[in-house]
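Structure first, commentary second.
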Amino acid sequence: MFQFLRTSVQYIAPVFVICTMLNVGLTQKPSAIAGHLKNWPFVLKMLAANFIFAPLVMIGTLYLVPFDPALKAGLMIFCLGAGAPFLIKLTQTAEHDLALGAAVMMVLMVVTVPYVPLVLPLVLSGVSVNPMAIARALLLQMLLPIGVGMLAAALLPGLSKKLQPLVGGLGNIAMYAMVVATLVGYFPNLLQIIGTGAFLVGLLFVAAAFGFGYLAGFGKDQLEDVGGLGTAQRNTAAGVIIAIQNFSDPNVFVMLTLANILGIVMLLIVARFLSRDNKVKVETL
């Protein structure tokens, strides 16, 4: 049974990635996203938070803490990828403008495509990855579906509205199926990882990344909240592609997936708290 579930993850993961990206394209208008991209100071600070400061925290931590190479690889992949589609859900939970969340996600996702293939071989000594294969997979499975979704929404709005719930539902089913298949199929690996402290490092990284993103929007409540959530929620869709296609050790994928699961739970709680804080501010105005 374990082997069957492990094999199924390799087929479920691309379905999750493609459906998630296609759903983003079908639901977000380019004009609304473009409006938020005009705030260049915020965009530049978000880029620095996601691609300089947050990864440096993980690199420094892994330099000081001795982990198995597979766990290090999983944590590094986890920290490098930015622009997670789940940011849309977090933005909605925090009761902020979804177009802002989509704009942040799009910018970070576009930069992730060339960034990860270039940086990953530099920070993982002794690990061989194929940068062109990673970039090609990210382009085909992430950016292309978004473009197709936006084009369909513009040219075939009626059909797109009918397809969007199906695509979104399939993406959610694939995500849950991937999580369950990973937890059960890789349960022996999970037991090996629990006592290492690697999960704690992942959670501490999420907390630090939230802080960097929050500071990027300093002084404006909506930018602070979405900036924090957008930096803390890493791009597991990109990480899944990289882990499955470039690493034979299953602990890389397990570490990446479970760090993301714990991060999602943590950030959903944070987003719920932020929504209550927003309500209090509105009531006091």
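Residue 199 sits among other residues whose Cβ lies under 14 Å from its own Cβ, and their net charge, with Lys and Arg +1 and Asp and Glu -1, is 0.
Can you quote the Å³ per residue value for the convex hull of the Cα atoms in segment 38-182, rounded to an integer? Provide the component values of the computation, followed by the final result.
Values: hull volume 21.9 nm³, N = 145.
Convex hull volume per residue, Cα atoms: 151 Å³.
Run the dipole for the chain about the Cα centre, Lys and Arg Cβ at +1, Asp and Glu Cβ at -1, nothing else charged, and hand back the magnitude in debye, nearest 20. Present the calculation step by step, with values, prior to reporting the outcome.
Numbers: 15 positive and 9 negative charges, 86 e Å.
Rounded to the nearest 20 debye, it is 420 debye.
A simple rule links phi to the HN-Hα coupling: the Karplus curve 6.51 cos²θ - 1.76 cosθ + 1.60 with θ = phi - 60°, which for segment 76-90 gives 5, 4, 4, 7, 7, x, 10, x, 7, x, 5, 4, 4, 5, 5 Hz, with x for Gly and Pro. In this simple spin-label approximation, residue 269 and residue 68 carry label points 7 Å from Cα along the Cα→Cβ vector, and these lie 2.7 nm apart.
Over the chain, dividing the summed -39,500 (n - 2.57) contributions of all DSSP H runs of at least 4 residues by the number of residues returns a 222 nm mean residue ellipticity of -27000 deg cm²/dmol.
Ranked by the mean number of other Cβ atoms within 10 Å of their residues, highest first, the peptides 11-22, 164-175, 186-197 fall in the order 11-22, 164-175, 186-197. Proximity of backbone amide H atoms, modeled 1.01 Å from N, is registered between residue 196 and no other residue at under 5 Å, excluding neighbours fewer than 5 places apart on the same chain.
By the gyration tensor of its Cα atoms, with a ≥ b ≥ c the square roots of the eigenvalues, what is the shape of segment 185-285: rounded for a/c under 1.5, prolate for a/b over b/c, or oblate? Prolate. Over all other residues within a Cβ to Cβ distance under 15 Å of residue 111, the charged ones net out to +2, with Lys and Arg as +1 and Asp and Glu as -1. FRET efficiency for the residue 218 to residue 261 pair, using the beta carbon distance and R₀ = 22 Å, is estimated at 0.15.
Within the chain, what is the number of lysine pairs with alpha carbons under 17 Å apart, leaving out pairs fewer than eight places apart on the same chain?
Working: 29/38; 29/89; 29/161; 29/162; 38/220; 45/220; 220/279; 220/281.
Going through the chain pair by pair, I get 8.
For segment 180-201, backbone nitrogen atoms closer than 13 Å to the point 7 Å from residue 8 Cα along Cα-to-C-beta are found at 180-186.
Based on the Kirkwood approach, the hydrodynamic radius assigned to segment 2-278 is 18.7 Å, with every pair of different Cα atoms included. A simple spin-label model places pseudo-atoms 7 Å from Cα toward Cβ; at residue 111 and residue 156 they are separated by 3.5 nm.
Since only 63, 211, 100 are under comparison, the one whose Cα sits farthest along the positive direction of the charge dipole of segment 2-278, derived from C-beta charges on Lys, Arg, Asp and Glu, is 100. With each label point set 7 Å from Cα along the Cα-Cβ vector, what nm distance links residue 119 and residue 144? For residue 119 paired with residue 144, the spin-label model returns 2.5 nm. Cα centroid separation, segment 47-76 to segment 180-212: 13 Å. Neighbour counts of other Cβ atoms within 10 Å put 276, 136 in the fewest-to-most order 276, 136.
In order along segment 194-204, the phi-based Karplus estimate (6.51 cos²θ - 1.76 cosθ + 1.60, θ = phi - 60°) of 3J(HN,Hα) comes to 3, x, 8, x, 5, 5, 5, 4, x, 5, 5 Hz; Gly and Pro are listed as x.
All of the numbers you see were taken from the coordinates with simple rules; none came from a lab. Predicted model, so just to flag it, every value in this text is computed and none were measured. With ideal geometry, Cβ positions are generated from the backbone for all residues, glycine too; neighbour counts draw on all protein chains shown.
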